[in-house]
There are 2 protein chains.
Amino acid sequence: MRWKKISDAVIRRLPLYLRVLDELASDPNTQLISSQELGVRAGVGPALVRKDLAWFGEFGKQGVGYEVEFLRDELRRILNLDQEIKVAIVGAGSLGAAFARYTHKRYSDDSSFNLNIVALFDNDPEKIGAQIDGIPVYGSEELKDKVEELDLQMAIIAVPAEYAQVAADQLVAAGVKAILNFAPVKLTVPEGVHLASADLSLELQRLAYYLRD
Amino acid sequence: MRWKKISDAVIRRLPLYLRVLDELASDPNTQLISSQELGVRAGVGPALVRKDLAWFGEFGKQGVGYEVEFLRDELRRILNLDQEIKVAIVGAGSLGAAFARYTHKRYSDDSSFNLNIVALFDNDPEKIGAQIDGIPVYGSEELKDKVEELDLQMAIIAVPAEYAQVAADQLVAAGVKAILNFAPVKLTVPEGVHLASADLSLELQRLAYYLRD
């Protein structure tokens, strides 16, 4: 099932709500949460919480709030996190390797995360054939075959800027539909492929603006 | 000099423009750029480019465009990137170490970056006293002294989620005014401290939504 015409701004907030519900789910004393409390914990206004969730159904009761476990399950389903998603990292340098370790740990620790790094790709013959936290490193020329064989649905690009578009093109050609780009460069992908950017440099440069108050 | 009341949405786009100008500055044949071209390359509409830049002054000429070198210098000045900014990383685990290497390389390669990682902090006695790409790792208890001694203005938090708020509190107490948080948790900082989040997990969870088209 897919909900049409929902803005990405709404989708961006759903993982924030899910994170709060994950935290609460471990506390047996909290079975209900008000939109007020959910909003405060997620850093979102309560009216916006209600509006965001209303796009997907009637999850709460007026004056009572949301059932934590139920809403958590619903959000996991909406975000496709009720099933394992297999993820590749392109670039097994220090950043790619660190993301592999980090994400692998999240997958082990957190049942709502469900994004499993199962392959790394690199061009360096010294890295190919090695493993990082048990995740194999393949040669880039194996990308297309491995996407099919391992059912890779998502990829993280962690190569230097000058190789990032090539990596994106290879991923798109192999059929990957969702890409998170860490390289400090703007990438072009065809319609139907979803691209997110997590550019450390841009965030740091933005923060620099606020230093001279 | 500080420009008041400019929205963060504007500030977020300035590094995108700067990146385009950096790319063009290495090409001696491109001395001028139109708002149209700048917009296309930055992924921003041309009217918005003109509006964003107009907040800070009259940088372009009608029908001529912007002088690349001049606008680049102005943007670096506006973003406080005309001077070296000293940055700390709290957490010298695999993610912290990878960010240290990555950011150190950006600082060496790119004159508009100007964010220099000069210290890492950790609690692990095995890491304290070591160096990562020549950057020393200090004990967390040295944070306050080192912020003053080294003039650390910005920090990146790369510790596990459960320690991230403690790290933020220590940074705030030491006088750091700008923090980039990589831990998958919402942090609270007092007014006057600027916090940016680069949460890999949230971006991946958002992308997962788009997998089932």
Task: Cross-link reach list, aspartates and glutamates versus residue B:51, counting only Cα pairs under 18 Å and skipping chain neighbours closer than eight places - done: B:8, B:37, B:67, B:74
Task: Where the Cα pairs of chain B fall when distances are cut into 5 Å bins, in % - done: 1, 6, 13, 16, 16, 14, 13, 10, 7, 3, 1, 0, 0
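What relative contact order, as a whole-number percentage, does chain A give when Cα pairs under 8 Å and 6 or more residues apart are counted? Kindly include the intermediate steps, with their values, before the conclusion.
Details: 299 pairs, mean separation 28.8, N = 213.
It rounds to 14 percent for chain A.
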Open item on the list: Using square roots of five times the C-alpha gyration tensor eigenvalues, list the equivalent-ellipsoid semi-axes of segment B:8-78 in whole Å, biggest first.
Closed with: 16, 13, 12
- [ ] Apply the membrane-span-like helix rule to chain B: whole DSSP H runs, Cα extent along the own long axis of at least 24 Å, mean Kyte-Doolittle hydropathy at least -1.0. List the helices found.
- [x] B:8-25
Task: Net charge over other residues, Cβ less than 12 angstrom from the Cβ of residue B:69 (K, R count +1; D, E count -1) - done: -3
Task: Along principal axes, Cα extents of segment A:98-150, largest first, whole Å - done: 33, 24, 13
- [ ] Collect residues whose amide H, placed 1.01 Å from N in the peptide plane, falls under 5 Å from the amide H of residue B:89; neighbours closer than 5 in sequence don't count.
- [x] B:119, B:120, B:121, B:156
Task: Peptides ranked, highest mean first, by Cβ atoms within 10 Å: ranges A:23-33, A:89-99 - done: A:89-99, A:23-33
Task: For segment B:85-203, convex hull volume per residue from C-alpha positions, Å³ - done: 105 Å³
- [ ] Calculate the tail of P(r) for the protein assembly as shown: the fraction of all Cα-Cα distances greater than 32 Å, expressed in %.
- [x] 41 percent
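Quick note: the coordinates plus some simple rules give every number you see, no bench work behind them. Being a predicted model, the structure only gives us computed values, none of them experimental. Methodologically, a virtual Cβ is constructed for each residue, glycine included, from the backbone with ideal geometry; neighbour enumeration extends over all protein chains shown.
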